[in-house]
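Asker: This is the structure, below, for whatever I ask next.
Every number here is computed from the coordinates shown, using simple stated rules; none is lab data. Note that the coordinates shown come from a computational prediction; the quantities given were computed from them, not determined experimentally. Cβ: placed from backbone, ideal geometry, glycine included. Neighbour counts: every protein chain shown.
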Amino acid sequence: MALRFRIQKKEGFQKKIVTPENSDLKFLSFSYCFSSSPLTIEENTGNEEWLWVLLSGKVKVETEKIPVITMERKGIFEDNPVSIYLPPDTKYIIQFQQPSEIIAVSAIADGNFSPVFIPQSKVKNQRAGKLNYQRSIANIVTQDFPASKIIAGETVHDTGHWSCFPPHKHDTDNMPEESKHEELYFFKCQPEKTGFGMMRVYDESNDQAFPILTNDLITIPNGYHPVGLIPEHKLYYFWALAGEKRPFQRHTHPDYVQYE
C-alpha cells in the first residue's frame, strides 16, 4: 500500500525520514535538510548510493574524488535542478553558504561507480502530455546513468493540470512491456498557502486517494498513480525510482491507451 508522509520544514538535517524500515518501499530512503544559517553535513555513504538535489539556495560540496563544487539554485519553479550523485563508500561534506533547502534519496548499491556532479546544463528536459495534462520534466538521473538503482528527476505541472496521465504503473517484471520499479514523490505547491492536489494510487486489489500539500511525500510500491492539481496553482514533485534491474518501462492502463 502507498503511504503519505508529512516532511517538516525545520532547521537541520533530517536523515532518512522515509526508509524501507518504516515504509512500504524495498530500496529507497529519503532525507531532507533545511537551514537558514551556516550548516555543515559530514557523512559517508557506506554501502549506499546517494543523490543530493538542491531545491533552493547555495551549498558547497566536497568529496575525495572531485574538487569542491558550488551548487546554486533560485528555486524549483525558477530553474533546472542541480545535483550530485555519490556512490558507496564516499566521504563527503556539504556546507550551506546561505539559507538553503536540499533533499536526498539513497539506496543500497552494487557495482563500482564514481561521484558525478550534475549541473543544470546537463539536465535533460522534456515536455509531456497534451490538453490539460501538460507538464515539464527534468530528468536528473536516467536509466542510462552510471548508477546501481536510482533513477530520478523533477516534474512541474502547468497551472491547474494533471500528470501521470494516462495512468501508468511499473510494478511487474515483464520487459520489454513493463519493468518493476518502486517510486516516491516529494511535492511542493505554488502558491504554497492555498495550493493542493490529489493523488490516486490503485490497482485491482487496492485503491487509495491522498491529499497533496507542500512537503508531502507519497510512496508508490505498486499501482497506477495519476496526480491532479487545483486551478490557478502550480505543482512540483521530485520523483525517484529503484528496482533490482536498471532498465525502466512503464505500462499504460489498457482503458487509457487512447490518450497517450
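Asker: Name the residue from Pro99, Asn139, Val123 whose Cα lies farthest towards the positive end of the charge dipole of segment 74-188, charges +1 on Cβ of Lys and Arg and -1 on Cβ of Asp and Glu.
Answerer: Of the candidates, Pro99 comes out farthest on the positive side.
Asker: Further question: A 23 angstrom limit on the alpha carbon distance is what I want to check against. Which of Lys15/Lys122; Lys122/Lys149; Lys26/Lys245; Lys16/Lys188; Lys16/Lys169 exceed it?
Answerer: Details: Lys15/Lys122 27 Å; Lys122/Lys149 20 Å; Lys26/Lys245 13 Å; Lys16/Lys188 19 Å; Lys16/Lys169 25 Å.
Exceeds cut-off: Lys15/Lys122; Lys16/Lys169.
Asker: What's the ranking of 140-150, 169-179 by average number of surrounding C-beta atoms within 10 Å, highest first? Display every interim value, and only then the final one.
Answerer: Values: 140-150: 18.6, 169-179: 15.1.
In decreasing order of mean packing, 140-150, 169-179 become 140-150, 169-179.
Asker: Oh, and also: Given 0.36 nm per residue, what is the gain on full extension from His253 to Thr194 after removing their alpha carbon distance, in nm? It would help to have the intermediate numbers written out before the result.
Answerer: Working: separation 59, 0.36 × 59 = 21.24 nm, distance 3.17 nm.
Difference between extended and current length: 18.1 nm.
Asker: In addition: Which one of Asn139, Asn206, Asn215 has the biggest mean-square fluctuation once the chain is modelled by GNM with Cα springs under 10 Å?
Answerer: Asn206
Asker: Please give me the summed charge of the neighbours of Lys91: other residues whose Cβ is under 10 Å from its Cβ, Lys and Arg +1, Asp and Glu -1. Don't skip to the answer; put the middle values down first.
Answerer: On the way: positive: Lys65; negative: Glu42, Glu43, Glu62, Glu64, Asp89.
Summing Lys/Arg as +1 and Asp/Glu as -1 gives -4.
Asker: Size of the dipole of the chain about the Cα centre, Lys and Arg at +1 and Asp and Glu at -1 on the beta carbon, nothing else charged, in debye to 20?
Answerer: Working: 28 positive and 33 negative charges, 148 e Å.
Roughly 720 debye, rounded to the nearest 20.
Asker: Here is a follow-up. How high is the relative contact order of segment 4-259? Use alpha-carbon pairs under 8 Å, at least six apart in sequence, and give a whole percent.
Answerer: Details: 689 pairs, mean separation 48.9, N = 256.
Relative CO of segment 4-259 lands at 19 percent.
Asker: Separate question: When Glu49, Glu62, Glu101 are ordered from fewest to most other Cβ atoms inside 10 Å of their Cβ, what list results?
Answerer: Values: Glu49 25, Glu62 14, Glu101 22.
Ascending number of Cβ neighbours within 10 Å: Glu62, Glu101, Glu49.
Asker: Let me ask another. With a cap of 15 neighbouring Cβ atoms within 10 Å, and only residues DSSP puts in a loop, list the chymotrypsin sites (Phe, Trp or Tyr not before Pro) found in segment 28-130.
Answerer: Details: sites: Phe30, Tyr32, Phe34, Trp50, Trp52, Phe77, Tyr85, Tyr92, Phe96, Phe113, Phe117; in loops: Phe77, Phe113.
Sites meeting the loop and neighbour criteria: Phe77.
Asker: Which trypsin sites (Lys or Arg not before Pro) in segment 14-110 sit in a loop by DSSP (not H, G, I, E or B) and have at most 16 other Cβ atoms within 10 Å of their own Cβ?
Answerer: Working: sites: Lys15, Lys16, Lys26, Lys58, Lys60, Lys65, Arg73, Lys74, Lys91; in loops: Lys26, Lys65, Lys74.
Sites meeting the loop and neighbour criteria: Lys26, Lys65, Lys74.
Asker: So what is the relative contact order of segment 107-218, in percent, for Cα pairs below 8 Å that sit 6 or more residues apart?
Answerer: On the way: 147 pairs, mean separation 18.2, N = 112.
Once divided by the residue count of segment 107-218, the mean separation gives 16 percent.
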